[in-house]
Amino acid sequence: MSLLARYLGSQVMAASGFVLLALLALFAFFDVIQELGSVGRNSYGLGQAAVVVLLSVPGHLYEILPIAALIGTMFALARLVGNSEYAVMRVSGLSSWRMAAYFGVIGVGLSILVLALGEYVSPWSDQAAQRYKLSATRSVVAQQFRSGLWVKDGTSFINVREVMPDNTLRGIEIYGFDAAGRLGWIRAADQADWLGNQTWRLDSVTETHFDANGIRATRSTQQNWQSVLTPDILSVLLIAPEKMSARTLWRYVGHLKANGQKAARYELALWTKFISPFVIPIMMLIAMPFAIQGPRAGGTSRKIFFGILAGLAFHLLSRLFGHLGLLNDWPAILVASLPLMIFLAVALAGIRWMDRR
């Protein structure tokens with residue numbers, strides 16, 4: 001890599017890092033304000049709130065890195081223009097397309113970081129934060145294993161093999177223990193549907209009791225079951241599709257299709273994961289025509305403001321196409337990639353305009 005490329009990279013990375021820290025501090029501040037409303041519930045104090053905020057940091061990093069790269073690139077280039085360094089670069093033979101190639105390489109490097117966060121760190125940390133808060137505020141202890149979701153409810157332990165998108169539970173087993181810690185009964189059901197008022201309706205129930213007289217088994221078609229486990233708690237315990245790893249989404253989409261279930265939301269989240277490595281390079285490219293303008297176009301602050309608007313526009317456009325795609329059953333790959341293609345077209349048109357100036 002040439003000296004000029006390294007210099008551009010250092011300027012952009014430094015500016016993007018500064019913007020990233022500023023945005024991260026802002027998000028953390030809002031998280032602290034939100035968590036203060038839960039302080040005082042059961043054993044949830046300031047220390048527990050701080051742990052939840054820290055565990056939320058990787059998820060925020062994954063979300064704001066593209067915006068930080070956009071604003072950071074715009075800030076760095078605007079400063080180069082203001083110091084006349086950009087003019088010297090152009091006179092020395094640097095074309096707009098070569099600069100775009102440099103930014104593409106830098107963007108790919110940042111995309112690797114985004115991939116690592118989204119695939120390995122963010123899903124775990126988000127789930128850990130929600131479960132930690134749940135156990136502290138509601139005294140509900142829960143953990144997910146290969147055997148399914150496990151929840152402690154008083155002296156009972158609940159095992160749910162599968163939670164469907166409509167909050168229907170499948171493969172439920174409830175283990176009841178007495179005060180001495182001895183297993184007293186096991187209740188197994190094929191399915192559970194939420195009725196409200198902390199009540200579930202169990203279907204195809206088999207109940208086994210253990211006592212001094214031996215083992216007794218009873219069966220019933222339906223049975224009501226009252227539990228601390230509610231759809232609200234399930235929504236906390238089960239990570240949203242947008243925060244799942246690509247591997248988990250791939251397996252879950254295949255599972256839903258194999259069982260005749262709708263998988264549109266999960267397919268959209270999966271394709272969004274697939275195209276996420278291209279977001280940062282395109283954000284950096286679209287920053288170029290905004291930042292590299294003369295003094296008549298406004299100062300650095302105005303250009304950064306336009307950068308923020310561009311980032312918000314991309315986010316809103318993605319959300320809009322996502323909702324429209326789910327409502328109209330559009331192909332997930334089209335819904336996920338269309339906003340990015342629009343911004344890529346705008347970026348390439350802007351770079352072409354720069355090169356002709």
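Some notes on this structure:
- Any chance Ile64 is assigned by TED's automatic domain parsing to the domain that holds His315, touching a Gly at 6+ places or on another chain (Cβ under 7 Å), at pLDDT 90 or above and surrounded by 13 or more Cβ atoms within 10 Å (Cβ to Cβ): no
- Note on segment 320-353: residues that are part of a helix (DSSP H, G or I), over 22 Å from the mean Cα position of the chain (by Cα) and either surrounded by fewer than 18 Cβ atoms within 10 Å (Cβ to Cβ) or not assigned by TED's automatic domain parsing to the domain that holds Met99 (or both) total 9.
- One residue stands out among those in segment 248-274 that are assigned to a helix (DSSP H, G or I) and of a type in the set (Lys, Arg): the one that is modelled with the highest pLDDT, which is Lys273.
- Output for segment 157-189, where each listed residue is part of a strand (DSSP E or B) and either loosely packed, with under 15 Cβ neighbours inside 10 Å or small (Gly, Ala, Ser) (or both): Arg161, Glu162, Gly171, Gly176, Phe177, Leu183, Gly184, Ala188, Ala189
- Taking the criterion of being over 26 Å from the mean Cα position of the chain (by Cα), surrounded by 15 or more Cβ atoms within 10 Å (Cβ to Cβ) and at pLDDT 90 or above, the only residue of segment 1-48 that qualifies is Gln11.
The values are calculated or read from the model by the stated rules, or taken from the named source; none is laboratory data. These numbers come from a predicted model, not from an experiment. Positions of Cβ are backbone-derived with ideal geometry, glycine not excepted, and every protein chain shown enters the neighbour counts.
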